[in-house]
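The values are calculated or read from the model by the stated rules, or taken from the named source; none is laboratory data. Treat the numbers as computed from the prediction; the structure is a model and nothing was measured. Every residue, glycine among them, receives a Cβ derived from its backbone with ideal geometry; neighbour counts consider all protein chains shown. Side chains are part of the model used for accessible areas, which takes the heavy atoms of the whole protein and leaves out ligands, DNA and RNA. Shrake-Rupley method; radii C 1.70, N 1.55, O 1.52, S 1.80 Å.
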Amino acid sequence: MKEPLFTGCSTALVTPFLDGKVNYPMLEQLLYRQRQAGLEATVICGTTGEAPTLTDHEKLELFRRAKEAVGDSMCIIAGTGSNDTAHTTELSIAAQEAGADALLVVSPYYNKATEDGLVAHYMTVAHAVRIPVILYNVPSRTGLDIPVSVYKRLSVIPNIAGVKEASTDIGKILKIRLACGDSFTIWTGNDDMTAAAMALGAKGVISVAGNVCPEEMRDLTAAALAGDFDTAADLQCRLLPLTQLLFSEVNPIPVKAALKCIGFDCGGCRLPLTEAKNSTYNALVQLLG
């Protein structure tokens, strides 16, 4: 049986920018805040971190600096996925060398690989590194929903730790558990489904909201892990207005606006993403102010 790489909340951290370049001092502030909240792990260069518009050099520098900032106090999960297996593998090896503790590898987008292609893609990456690999299923972004049969085939690979399941099919959590057993950890990728997913066996969430309210997401997931689903549900309801606003525009546009509202100016997003609408920003100010 594989032990979960982490339990509870792991924040998918934004990438802060200043004058178009990565703002490394702000990165350290964000990481310090996550550590102070007691989170076990954070994702660098995931979807929320604007991975598609970061160069490989920027990604590796982010991984290196993030690990230097947190040391052994937090697991740094590096987003290294792409739709090119060779590129993903090369970046994954380099991320490992830069100090990443684990990898988050999105399913190949645009190509729409077959089941055998998905298995081969992930096996190639996993066999090239020593650190754990988390699969990342986000059909709304990739155009492909990873079948449960793929998870079952990959769950036997020693360093494949589990999946960030960001589909909206809550019943899929049960199907994955039945197919893969306890050796394959499930984390939801949907903030608004965290309590429900954990009630069905997920071990936590890789969260966007954790950028804004890491303590609340920590408390929600801790309650769920303890089996106190009344408390978890209450916290989920309390956070619903925020989670709805954070996805009222394309992520990470609203979460960067929200961080600015609470004193962490992380800059805007890189094109083709744009600034938050005035209506979004004003609603966030009203909610968070």
Nearest-20 debye value, region 162-286 charge dipole, Cβ charges on Lys, Arg, Asp, Glu: 380 debye
GNM result for the chain, Cα springs below 10 Å: residue of His121, His57, His87 fluctuating most strongly: His57
Per residue, in Å², the accessible surface of region 1-75 once ligands and nucleic acids are set aside, probe 1.4 Å: 43 Å²
Helical mean residue ellipticity (222 nm; -39500 (n - 2.57) per DSSP H run of 4+; nearest 500) of the chain: -14000 deg cm²/dmol
Size-normalised alpha-carbon gyration radius of region 212-285, reference 2.2 N^0.38 Å: 1.26
Mean-position separation - Cα centroids, region 51-120 and region 197-231, in angstrom: 25 Å
Positive-end residue of Val125, Leu30, Ala209, charge dipole of the chain with Cβ unit charges: Val125
Estimated dipole of the chain in Debye, rounded to 20 [Cβ of Lys and Arg +1, of Asp and Glu -1, Cα centre]: 260 debye
Candidates Ala120, Ala209, Ala98, ranked by Gaussian network fluctuation over the chain, Cα under 10 Å, top entry: Ala120
Extension gain, Lys21 back to Ala86 (0.36 nm per residue minus Cα-Cα distance, nm): 20.7 nm
Ranked packing of 274-282, 17-25, 77-85, most packed first, by mean Cβ within 10 Å: 77-85, 274-282, 17-25
Flagged links, alpha-carbon separation over 21 Å, of Lys67/Lys260; Lys59/Lys172; Lys152/Lys172: Lys67/Lys260; Lys59/Lys172
Gyration tensor over alpha-carbon atoms, region 156-289, equivalent ellipsoid semi-axes in Å: 30, 17, 12
Per residue solvent-accessible surface (Å²) - region 156-285, probe of 1.4 Å: 42 Å²
Cross-link reach list, aspartates and glutamates versus Lys203, counting only Cα pairs under 18 Å and skipping chain neighbours closer than eight places: Glu3, Glu40, Glu165, Asp169, Asp182, Asp191, Asp192, Glu215, Glu216, Asp219, Asp228, Asp230
Built amide H within the under 5 Å cut-off of Phe17, gap 5+: Asn23, Gly267
Residue among Ala166, Thr142, Leu271 farthest towards the positive dipole end of the chain, charges placed on Cβ: Thr142
Highest to lowest packing among 149-156, 88-95, scored as the average C-beta count within 10 Å: 88-95, 149-156
Computed over region 1-127, Cα set: Rg, Dmax in Å: 14.7, 47
Percent accessible area from carbon and sulfur atoms, the chain, protein chains only, probe 1.4 Å: 53 percent
Sequence-distant residues sharing a close amide H with Leu103 (under 5 Å, placed H): Ala78, Val133, Ile134
Selected from Val14, Val285, Leu200, residue furthest toward positive end of dipole (the chain; charges at beta carbon): Leu200
